[in-house]
Amino acid sequence: MTKIDHRKEMNRLGVDAARKAIKAYADANPEASRMQARVEVNAYRARPKGFGEWPVKLIGLLIRNPTVAAKPNTYFAAWLSDRYDGYSVPETLLYKELSSAKRTAIDKALDEAGLPGRTKAGDTFSTIKQRWSSMRGSSEGVRTGSVQVTFTDECVVIEGKRYTVNTGKYRRIRVDGSWVRADVLERLLLGQ
């Protein structure tokens, strides 16, 4: 059984029909005989209903099964093709910048799953997947804690231990033989 490339055949038929119509018009209107016309036909398969939700479906897959983040993008393109009735999803789609609406939908899915992380302008699914991999891969080495820190012009007090601020080029403190910028630490911890 021969498989017909319908897209190619529809393109050919469209160009042939347009050329015949242009020739008939030029024959009926001699003053148009010196005009040139270019015909471009683009036959394509319409995207399936709900296809715009593909980023959220992939994020849902990552939430349910975090280990798949290590798989190549060809895996995700094939996974999407299976979900959308065999619609051929190109791998390049995963490298295209996501719209604001798609990023908002991804952020909502992450919030609902109780996961940290926000998308940024310019993100693609591939960049989100990379951040996901690094976030999940480093979760075992994460250390958290609550620390009481007080900043004054003369010192920084961390859990009751006083560190005198050295006011040279930068405001900094000495911790275990290393200099730590107090102004950066304050902005980091207090957001000021």
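The values are calculated or read from the model by the stated rules, or taken from the named source; none is laboratory data. Remember, predicted model here, so these are calculated numbers, not experimental data. Note: ideal-geometry Cβ built from the backbone for every residue, glycine included; neighbour counts use all protein chains shown. To get the accessible areas, we keep the full protein, side chains included, count just its heavy atoms, and leave off ligands, DNA and RNA. Shrake-Rupley method; radii C 1.70, N 1.55, O 1.52, S 1.80 Å.
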Problem - The lone exception for Gly117 - which of (1) open to solvent by less than 50 Å² (accessible area, probe 1.4 Å); (2) part of a helix (DSSP H, G or I); (3) at pLDDT below 90 it fails - result: (2)
Practice task
Could you grab the pairs with beta carbons closer than 8 Å, sequence gap of 6+ or different chains, first residue in segment 76-95 and charged (D, E, K, R), second one surrounded by fewer than 17 Cβ atoms within 10 Å (Cβ to Cβ) and outside any helix (DSSP H, G or I)?
Solution key: Asp85/Pro48
Handout entry: Within segment 1-41, considering residues that are part of a loop (DSSP other than H, G, I, E, B) and of a type in the set (S, T, N, Q), the one modelled with the highest pLDDT
Key = Asn29
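Which is open to solvent by less than 50 Å² (accessible area, probe 1.4 Å) and touching a residue at least 24 places away in the same chain (Cβ under 8 Å), of Leu98, Leu61? Spell out the reasoning first.
Details: Leu61 fails: touching a residue at least 24 places away in the same chain (Cβ under 8 Å).
Residue meeting the stated conditions: Leu98.
So which residues in segment 64-82 are hydroxyl-bearing (Ser, Thr, Tyr) and either at pLDDT 90 or above or surrounded by 10 or more Cβ atoms within 10 Å (Cβ to Cβ) (or both), if there are any at all?
Pass one, segment 64-82, residues hydroxyl-bearing (Ser, Thr, Tyr): 67, 74-75, 81.
Selection gives Thr74, Tyr75, Ser81.
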Practice task
Kindly list, by first and then second residue, each pair from a residue in segment 15-40 that is touching a residue at least 24 places away in the same chain (Cβ under 8 Å) to a residue that is open to solvent by less than 100 Å² (accessible area, probe 1.4 Å) and in a helix (DSSP H, G or I), limited to pairs with Cβ atoms under 7 Å and residues at least 6 apart or on different chains.
Solution key: Val39/Val15; Val39/Ala18
Fill in the blank from the handout: If you go through Gly145, Gly137, Gly191, Gly122, the only one that is at pLDDT 85 or above and not hydroxyl-bearing (Ser, Thr, Tyr) is Gly122
Problem - Number of the exception - Thr67 against (1) out of contact with any Gly (no Cβ under 7 Å at 6 or more places or on another chain); (2) farther than 19 Å from Ala113 by Cβ - result: (2)
Exercise for the section: Could you figure out which of (1) open to solvent by 60 Å² or more (accessible area, probe 1.4 Å); (2) more than 30 Å from Val89 (Cβ to Cβ); (3) of a type in the set (Gly, Ala, Ser) isn't true of Ala32? Expected result: (1)
Completion exercise
Within segment 154-184, the count of residues that are open to solvent by less than 70 Å² (accessible area, probe 1.4 Å) and either among the β-branched types (Val, Ile, Thr) or in a strand (DSSP E or B) (or both) comes to 13
Handout entry: Criterion: modelled with pLDDT of 90 or more, out of contact with any Cys (no Cβ under 6 Å at 6 or more places or on another chain) and of a type outside the set (Gly, Ala, Ser) - qualifying residue of Lys129, Lys96
Key = Lys96
Problem - Pair list, Cβ under 6 Å, 6 or more apart: segment 110-134 residue more than 19 Å from Thr67 (Cβ to Cβ), other residue aliphatic (A, V, I, L, M) - result: Thr119/Ile106; Asp123/Leu98
Exercise for the section: Mind counting the residues in segment 42-55 that are assigned to a loop (DSSP other than H, G, I, E, B) and open to solvent by 100 Å² or more (accessible area, probe 1.4 Å)? Expected result: 5
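Of the residues that sit in segment 65-102 and are among the β-branched types (Val, Ile, Thr) and out of contact with any helix residue (DSSP H, G or I) (no Cβ under 8 Å at 6 or more places or on another chain), which one is farthest from Phe125 (Cα to Cα)?
To start, the set of residues in segment 65-102 that are among the β-branched types (Val, Ile, Thr) comprises 67-68, 74, 89, 92.
With out of contact with any helix residue (DSSP H, G or I) (no Cβ under 8 Å at 6 or more places or on another chain) added as a condition, the list becomes 67, 92.
Working: Thr67: 16, Thr92: 10 Å.
In this case the residue turns out to be Thr67.
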